[in-house]
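In what follows, a single structure is set out as structure tokens and then discussed.
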Amino acid sequence: MDEIEISSRLYVEDGAVFMTATLPSNMDSDEPILAPVTFVLVHHRLLTVRYHEPRAFKTLPARASKVSMGCHDGEAVLLALLEAQVDRMADVLERSARDTAGISRAIFLVKGNRRWRSKSLQTIIQELGRQGDLTSNLRECLASLERVIGFLTQAMQPVRNEKETKIRIKTISRDLRSLADHADSLTQKITFLLDATLGLINIQQNDIIKFFSVAAVVFLPPTLIASVYGTNFHHMPELDWPYCYPMAVGLMVMSAVIPYLLFRRRGLF
């Protein structure tokens with residue numbers, strides 16, 4: 001079941017059709033599970049081999065016990081399971097798209113994002129990583145289900161040619177393709193948001209460096225003047241001047257104010 005090559009996941013043996021797909025579970029938690037599930041069709045009976053419990057395997061029996069879903073043989077049950085699984089992954093993708101949209105509003109400071117307004121950029125990167133990992137896992141599951149549907153179409157042709165079955169298989173295949181396209185688009189958006197977040201972090205770091213650079217330039221001339229007049233030489237003509245101290249203080253203030261005004265005028269401060 002853990003093999004990734006198609007020949008080990010999709011094959012027919014002794015009249016039984018073996019199909020293995022990677023399905024998710026615990027998608028509402030912080031630790032989703034991604035594991036293979038094998039469907040075995042033989043003599044209109046369905047057997048599943050799995051070591052985790054996707055939600056579709058819980059909801060379908062409860063729904064079928066209340067509403068007639070036509071689950072009269074293994075093929076119909078398999079199609080119902082696949083439809084339920086596709087609906088479940090569509091819901092997860094929709095939720096991920098909403099969460100990603102909220103992250104996007106937080107990054108670009110759009111009004112109304114109360115959930116993300118207080119989030120730091122580091123936290124946003126972590127959330128983007130989680131959404132990217134979730135989308136990547138769903139894309140892998142969708143790809144495996146697409147292969148299962150393609151193989152199932154060929155395997156069921158000699159068995160049954162019911163029009164309704166063909167329509168259901170075609171609908172599942174079309175839904176899988178649309179979800180795969182949506183997952184690809186969401187992955188590209190997450191990548192863009194990650195690049196934008198890293199760019200904002202670089203801008204913040206550059207602003208900090210620019211602030212200290214401007215501060216160093218502003219305070220360098222007063223420091224130089226104070227160093228000159230703070231030397232302990234005996235023969236300094238300015239020591240006898242009555243207004244030497246106010247002049248030194250004025251020079252230090254002017255040497256700090258003039259660079260500040262120049263930087264302010266150029267928009268660097």
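The values are calculated or read from the model by the stated rules, or taken from the named source; none is laboratory data. These numbers were taken from a predicted model, which means no experiment stands behind them. Positions of Cβ are backbone-derived with ideal geometry, glycine not excepted, and every protein chain shown enters the neighbour counts.
Tally the residues that are touching a helix residue (DSSP H, G or I) at 6+ places or on another chain (Cβ under 6 Å) and either more than 18 Å from residue 149 (Cβ to Cβ) or of a type outside the set (A, V, I, L, M, F, W, C) (or both), restricting the search to the stretch 1-21.
Of the residues in that region, 1 qualify.
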* Among the residues of the stretch 11-27, write down those that are free of Cβ contacts under 8 Å to residues at least 24 places away in the same chain and hydrophobic (A, V, I, L, M, F, W, C). => 18
* To do: Note down all Cβ pairs under 6 Å where the first residue falls in the stretch 235-258 and is at pLDDT 75 or above, the second is not aliphatic (A, V, I, L, M), and they're at least six residues apart or on different chains.
  => 244/238; 248/229; 252/222; 255/221; 255/222; 256/222
* Asked: Is it the case that some residue within the stretch 87-95 is basic (Lys, Arg), buried (at least 18 other Cβ atoms within 10 Å of the Cβ) and in contact (Cβ under 8 Å) with a residue 40 or more places away in the chain?
  -> yes
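Matching residues to (1) surrounded by 15 or more Cβ atoms within 10 Å (Cβ to Cβ); (2) of a type outside the set (S, T, N, Q):
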{"residue": "146", "(1), (2)": "yes, yes"}
{"residue": "164", "(1), (2)": "no, yes"}
{"residue": "169", "(1), (2)": "yes, yes"}
{"residue": "184", "(1), (2)": "no, yes"}
{"residue": "187", "(1), (2)": "yes, no"}
{"residue": "193", "(1), (2)": "yes, yes"}
{"residue": "198", "(1), (2)": "no, yes"}
{"residue": "210", "(1), (2)": "no, yes"}
{"residue": "229", "(1), (2)": "yes, yes"}
* To do: Among the residues of the stretch 165-204, count how many are without any contact (Cβ under 8 Å) to a residue 12 or more places away in the chain and acidic (Asp, Glu).
  => 2
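Tell me which residues, restricted to the stretch 212-225, are surrounded by 11 or more Cβ atoms within 10 Å (Cβ to Cβ) and either closer than 30 Å to residue 244 by Cβ or touching a residue at least 40 places away in the same chain (Cβ under 8 Å) (or both).
Scanning the stretch 212-225 gives 214, 215, 217, 218, 219, 220, 221, 222, 223, 224, 225.
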* Structure fact -> residue 38 meets each of (1) under 19 Å from residue 173 (Cα atoms); (2) touching a residue at least 60 places away in the same chain (Cβ under 8 Å) with one exception, condition (2)
* State which residue is surrounded by the fewest Cβ atoms within 10 Å (Cβ to Cβ) when the search covers only the stretch 58-86 and only residues that are acidic (Asp, Glu) and touching a residue at least 40 places away in the same chain (Cβ under 8 Å). => 83
* Asked: Taking the stretch 46-57 as the search range and keeping residues that are modelled with pLDDT under 90 and either hydrophobic (A, V, I, L, M, F, W, C) or farther than 24 Å from residue 133 by Cβ (or both), which one is surrounded by the most Cβ atoms within 10 Å (Cβ to Cβ)?
  -> 56
* Asked: Which one of these does residue 102 not meet: (1) within 30 Å of residue 38 (Cβ to Cβ); (2) among the small types (Gly, Ala, Ser); (3) at pLDDT 80 or above; (4) out of contact with any helix residue (DSSP H, G or I) (no Cβ under 8 Å at 6 or more places or on another chain)?
  -> (1)
* Within the bounds of the stretch 164-184, is there any residue that is assigned to a helix (DSSP H, G or I), small (Gly, Ala, Ser) and closer than 17 Å to residue 81 by Cβ? -> yes
